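Reading through the structure tokens given below for one structure.
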Amino acid sequence: MTKHNDAALVVLSGGQDSTTCLFWAKERYKKLYAVSFDYGQRHNNEVEIAREMARRAGAEFRLIKSDIIGSLGHNALVDTAENVDTERHENALPNTFVPGRNLFFLSMAAVWARELGVKTIITGVSQTDFSGYPDCRDTFIKSLNATLNLAMDEQFEIVTPLMWLDKADTWEMADQLGVFDLIRNETLTCYNGVKGDGCGECLSCQLRRKGLEEYLQRRGK
Ligand code: ZN
């Protein structure tokens, strides 16, 4: 594949989706940057996994301390006294929702991108299999993109390779990129902090496994 001349900045959590986006970007952009956020999430190995994934993709990595986001609002990802939801509640956001997270993270990513002279910001949000988080929807991303451009008089483009893919499609993308095993074994998506196939119980593990089973069936293995 012909690479763009330009660079891209990937918002990286070390999970399945953002890591898939990182390797998707590696095929397309000459220079890669990756940014992770330390917001007091209960599993700090997330950050170390993100750093390792960035290293493997040849991306320049930066960690931004942002625990203020966890201290302002309440959620189960930063409050270790609370168990993470294992099922969806009708008309309610899961207790793993971190209010303002993507707004805050993408805004900070854009400030660093501007400093670097990078126009393309990549995030692994998806509207298809989203966990009910409003800040994973396409309309939010488009709105924020317009706002960031107005805020900094820039021409950023927020790119969302997974927006219309379901989890099975995301596994397929990883496979096509040649990083299926890496993503299956070395990324962390589980809300209980278990790498690879995870705890199997939390909403995130359920979604990841369902997609994996669908994909493996599709692939015929
Ligand atoms: Zn889990």
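Summary table below
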| read-out | value |
| --- | --- |
| Too-long pairs where the Cα-Cα distance tops 18 Å, listed order kept, from 65/119; 31/195; 142/210; 3/167; 30/65; 3/26 | 65/119; 31/195; 142/210; 3/167; 30/65 |
| The chain: calculated mean residue ellipticity at 222 nm from DSSP helix runs of at least 4, using -39500 (n - 2.57) | -13500 deg cm²/dmol |
| Among 162-171, 20-29, 178-187, the order from most to least packed when residues are scored by Cβ within 10 Å on average | 20-29, 162-171, 178-187 |
| Formal net charge of residues neighbouring residue 29 (Cβ-Cβ distance under 13 Å; K, R +1; D, E -1) | +2 |
| Mean Kyte hydropathy of -1.0 or more with a Cα span along the axis of at least 20 Å, helices from DSSP in the chain | 101-116, 138-152 |
| Contour excess over end-to-end distance, with Cα ends at residue 157 and residue 55 and 0.36 nm allotted per residue | 34.3 nm |
| Relative contact order of the chain, defined on C-alpha pairs under 8 angstrom at six or more residues apart (%) | 21 |
| Neighbour net charge for residue 197 - beta-carbon separation under 10 angstrom, K R +1, D E -1 | +4 |
| Gained length - residue 27 relative to residue 197, 0.36 nm times residue gap less alpha-carbon distance | 58.6 nm |
| Mean shadow area of the chain over all directions, Cα convex hull, nm² | 11.8 |
| Förster radius 35 Å - calculated FRET efficiency between residue 3 and residue 143 (Cβ-Cβ, nearest 0.05) | 0.75 |
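Bear in mind that the values in this text are calculations on the coordinates, not laboratory data. Everything quoted here is computed from the prediction, not taken from an experiment. Cβ atoms come from the backbone with ideal geometry, glycine included; neighbour counts cover every protein chain shown.
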